[in-house]
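Everything below concerns the one structure shown next.
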Amino acid sequence: WDNADFSRGVGTTFYQEFLTLNTAKPPFVRDVEAKVRRYLRSSYSAAWTLKITWEKAAAYAAQTDTRRTITYQAVLTTDGFRSYVLMLYQEGGMQWDYTRLTATNVLIGYT
């Protein structure tokens, strides 16, 4: 894990909120529910979901290289009692040169 740097005008951050308590659920939320059910082998029905996308984000410090970027998402979801986060990375999308990053102990995901 390392810091993304948007200070050079490279990359964009988007977010989308889904309020789904007592409403029809869009396909994205149904997909999130299916992933939670599959990974945790439990029932799950989302009441709220937030999708955050970092698109073509350059690594900190961006002044050294703005060509190597990464696109990834964090999806936060809750049923009002349990909360989950899905970390999603674009297939083959990690373009950061980890040898040039400020931190040397780089991870994809979290611990």
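Here are a few things to note about the model shown:
- Contact annotation: residue pairs with Cβ atoms under 6 Å, 6 or more positions apart or on different chains, pairing a residue in the stretch 82-101 that is within 22 Å of residue 39 (Cβ to Cβ) with a partner that is modelled with pLDDT under 85, are 87/109; 93/70; 94/70.
- Failed item in (1) farther than 14 Å from residue 82 by Cβ; (2) of a type in the set (Asp, Glu); (3) modelled with pLDDT of 95 or more; (4) not in a strand (DSSP E or B), with residue 33 passing the rest: (1)
- Counting only residues that are open to solvent by 20 Å² or more (accessible area, probe 1.4 Å), under 22 Å from residue 92 (Cα atoms) and in contact (Cβ under 8 Å) with a residue 12 or more places away in the chain, the stretch 31-52 holds 3 of them.
- The residue that is nearest to residue 67 (Cα to Cα), counting only those in the stretch 9-26 that are at pLDDT 80 or above and in a loop (DSSP other than H, G, I, E, B), is 10.
- Filtered by the rule that a residue be in contact with a Gly (Cβ under 8 Å, 6 or more places away or on another chain) and modelled with pLDDT of 85 or more, the stretch 70-98 gives 71, 72, 87.
- The stretch 10-29 residues that are within 30 Å of residue 60 (Cβ to Cβ), paired with ones that are of a type in the set (D, E, K, R) (beta carbon under 6 Å, 6 or more apart): 11/56; 12/55; 16/51
The values are calculated or read from the model by the stated rules, or taken from the named source; none is laboratory data. Given the structure is predicted, the values throughout are model-derived calculations rather than measurements. Here Cβ is always computed from backbone atoms with ideal geometry, including for glycine, and neighbour counts include all displayed protein chains. All accessible areas refer to the heavy atoms of the entire protein, side chains included, with ligands and DNA or RNA removed. Shrake-Rupley method; radii C 1.70, N 1.55, O 1.52, S 1.80 Å.
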